[in-house]
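Some notes on the structure that comes next.
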Amino acid sequence: MKRDNHAQFTLLMDKFDRMIEKDRLDREREKDETEKFWHKFQKVRAEIIRPVMKDIGNLLRERGHGYRISEDESLFDRDGQAQEEKITMSIIPAGTESDNSSRISLTATAHRKIRLYHDIVCIATESRESGTIAEFWVDEITNDLIEDKIIYILTKIFEPREDTDNA
């Protein structure tokens with residue numbers, strides 16, 4: 001091979017090899033960051049979210065309402081990597097059927113965000129409401145944040161009609 005062509009070939013292959021190595025390192029870094037995220041979420045779920053849900057659930061139980069907390073880690077990609085994990089608090093207001101339960105879920109996604117979702121029945125209006133309330137980074141989650149958001153959703157569930165406020 002001519003010297004010029006050999007030099008051009010070598011330069012081309014060196015650039016390509018660097019690109020491949022950079023891609024490999026980027027994938028490894030992404031995988032490490034994703035694993036750290038899942039670990040952080042599991043820790044936050046166990047140390048912050050579940051205890052706050054349990055405390056509020058016990059307060060609800062003292063008032064005659066039911067609750068349960070469940071965790072779901074069932075969504076995986078084809079490589080067996082978690083794509084979604086969630087914790088859900090189901091609330092069964094006193095005097096209602098369990099099929100009228102309301103749910104508050106915090107779902108961690110592969111995009112490294114925590115989504116607060118609700119699917120509730122408003123007792124006063126007997127209407128159903130659902131949707132995403134907020135999204136957070138895992139490092140933003142605190143006891144106060146979770147407590148505030150759950151109380152906000154409980155207000156939507158239990159807020160009496162205006163004509164019963166003064167009763």
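The values are calculated or read from the model by the stated rules, or taken from the named source; none is laboratory data. Keep in mind that this is a model prediction, so the values were computed, not measured. All Cβ positions, even for glycine, are placed from backbone atoms using ideal geometry, and neighbour counts span all protein chains on display.
For the residues Ala167, Ala124, Ala82, the requirement of being at pLDDT below 90 and crowded, with 18+ Cβ neighbours inside 10 Å singles out Ala82. Among the residues in the stretch 28-38, are any surrounded by fewer than 12 Cβ atoms within 10 Å (Cβ to Cβ) and either among the aliphatic types (A, V, I, L, M) or in contact with a strand residue (DSSP E or B) (Cβ under 7 Å, 6 or more places away or on another chain) (or both)? Looking for residues that are surrounded by fewer than 12 Cβ atoms within 10 Å (Cβ to Cβ) and either among the aliphatic types (A, V, I, L, M) or in contact with a strand residue (DSSP E or B) (Cβ under 7 Å, 6 or more places away or on another chain) (or both), one finds none in the stretch 28-38, hence no. The sole residue among Glu33, Glu47, Glu21, Glu28 that is in contact with a Lys or Arg (Cβ under 9 Å, 6 or more places away or on another chain), acidic (Asp, Glu) and not in a loop (DSSP other than H, G, I, E, B) is Glu33.
When Lys86, Lys54 are screened for being out of contact with any Lys or Arg (no Cβ under 6 Å at 6 or more places or on another chain) and not in a strand (DSSP E or B), only Lys54 passes. If we scan the stretch 22-39, do we find a residue that is closer than 30 Å to Cys122 by Cα and either of a type in the set (S, T, N, Q) or touching a residue at least 40 places away in the same chain (Cβ under 8 Å) (or both)? No: zero hits. Among the residues making up the stretch 128-163, those that are more than 26 Å from Ala110 (Cβ to Cβ) and of a type outside the set (D, E, K, R) are Ile151, Tyr152, Leu154, Thr155, Ile157, Phe158, Pro160.
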